[in-house]
1. Students sometimes get this wrong: rank B:S42, A:S89 by accessible area, probe 1.4 Å, all chains present, largest first.
2. Please build a GNM for chain B, connecting alpha carbons under 10 Å apart, and tell me which residue among B:L47, B:L105, B:L124 fluctuates the most.
3. List the residues of segment A:29-56 whose accessible area drops by at least 40 Å² when all protein chains are present, compared with their chain alone, using a 1.4 Å probe and counting only protein heavy atoms.
4. Could you report the accessible area of A:L131 in Å², rounded to 10, computed with a 1.4 Å probe on the protein chains as they sit in the structure?
5. What is the dipole size for chain B, taken about its Cα centre, with +1 at each Lys and Arg Cβ and -1 at each Asp and Glu Cβ, in debye to the nearest 20?
6. Can you give the charge dipole size of segment A:60-148 about its Cα centre, rounded to the nearest 20 debye, using +1 on the beta carbon of Lys and Arg and -1 on the beta carbon of Asp and Glu?
7. Can you pull out the buried accessible area for chains B and A, both sides counted, probe 1.4 Å, rounded to the nearest 100 Å²?
8. Magnitude of the Cβ-charge dipole of segment B:6-88, K/R +1 and D/E -1, about the Cα centre, nearest 20 debye?
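The values are calculated or read from the model by the stated rules, or taken from the named source; none is laboratory data. Being a predicted model, the structure only gives us computed values, none of them experimental. Neighbour counts are summed over all protein chains in view; Cβ atoms, including those assigned to glycine, are modelled from backbone coordinates with ideal geometry. Side chains are part of the model used for accessible areas, which takes the heavy atoms of the whole protein and leaves out ligands, DNA and RNA. Shrake-Rupley method; radii C 1.70, N 1.55, O 1.52, S 1.80 Å.
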There are 2 protein chains.
Amino acid sequence: MAQRNTLQYIILGLLSQAPRTGYELTQDFAHEIGEFWQAQHSQIYPLLGKMEAQGLIAHTVEVTGTKLEKKRYRNTAEGQAVLTAWVGSPTPTMATTKDEFVLKLYFVQRADDTRLPGMIKEQLRIHREWLQHLEARRQLLFADPDAASQQFGHYLILDHALTRERQYVQWLEEQLARLPHN
Amino acid sequence: MAQRNTLQYIILGLLSQAPRTGYELTQDFAHEIGEFWQAQHSQIYPLLGKMEAQGLIAHTVEVTGTKLEKKRYRNTAEGQAVLTAWVGSPTPTMATTKDEFVLKLYFVQRADDTRLPGMIKEQLRIHREWLQHLEARRQLLFADPDAASQQFGHYLILDHALTRERQYVQWLEEQLARLPHN
DNA sequence: CCGCACATGTAAAGCGTTACATGATTGC
DNA sequence: GCAATCATGTAACGCTTTACATGTGCGG
């Protein structure tokens, strides 16, 4: 969706945890919070420049080896304030669910459509796999019960994603079982 | 999200149910399937022109009153074939959940953050309201048990949305109850 | 005759993905 | 030396939203 500057706030949020380079931010989007938002480096680098021009972040240069320059960004006081304001501000808009599978279902008119079992089984495979991935991440990050209180927000949204995926898998299983002659 | 032509397929799907004008399609996105996909008329009209140029749809002109011309579009055989192929094709990509509220949670580090109760209560209000809206729609559309078999796909995705919202509300209630000193 | 809904379009800007492009460092 | 990874950027394209723009029909 074309939301208002959401990526900018996410970057401020990540930088508030620890200063990062553009590359490290890209890695975070690929692995750490890829479950909740995606962004490529081609979007991140220009945005970092723009945010710096606006005074939200600032960078220092680190030299690795003899030549390689890394720009490590951190929030300015203003950036930190903008982040805090965003988190505390109302979120009146709901998530826009753009689930292509669900849309395809919409255009299946009859319960005995022969495509349905295959479609549902494919989604079951995908969502079960994802559920396993999320469970592995919870095991990895929050096996230690203290970790949950240290990064409460992270724990919360991982729990939310797990709940959602379990529900999705269960729903798919129920619908598959309910189909005629399956 | 920038998906591959999804809107085009949705239009083909809607037109396969009944021929429609651009205005009627816009209304459908606003009301009928707004839960699953959004599109404004400024995106729909140009796309209809493009799809007609590609031979997927064709229109006839209806005159209302003395002057007002309405273009009623319907699928060509080719358009219908493209729709069928899309519905039956694999859907390997998962829905990208871009839930701004969940992102904000991620950046709340501590369980005793004073912003949390308010944030969760706001979402509870929004999602309870939405749940009621969905329940009203099911009552309206599928009170008659025959209706579900007539429009099986529509019944399915409404059921899916209801399941998802009930789960979301329940999760929010649990987290709110679990917060310290609330 | 006035206001609202009906009806159709274009323009501009922002958001997001894919592809293009370059170079350095590290470990084997 | 070579490959994988680290590191940073730009370009082109497509999707989506917001705003601009115009005119008709209908009911009160």
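1. B:S42, A:S89
2. Residue with maximal mean-square fluctuation among B:L47, B:L105, B:L124: B:L105.
3. Those are A:F36, A:W37, A:Q38, which lose 40 Å² or more relative to the chain on its own.
4. Ignoring ligands and nucleic acids, A:L131 comes out at about 20 Å².
5. Using Cβ point charges on Lys, Arg, Asp and Glu, chain B gives about 360 debye.
6. Computed about the Cα centre, the dipole is about 280 debye.
7. The contact between A and B buries close to 6600 Å².
8. The dipole of segment B:6-88 has a size of about 240 debye.
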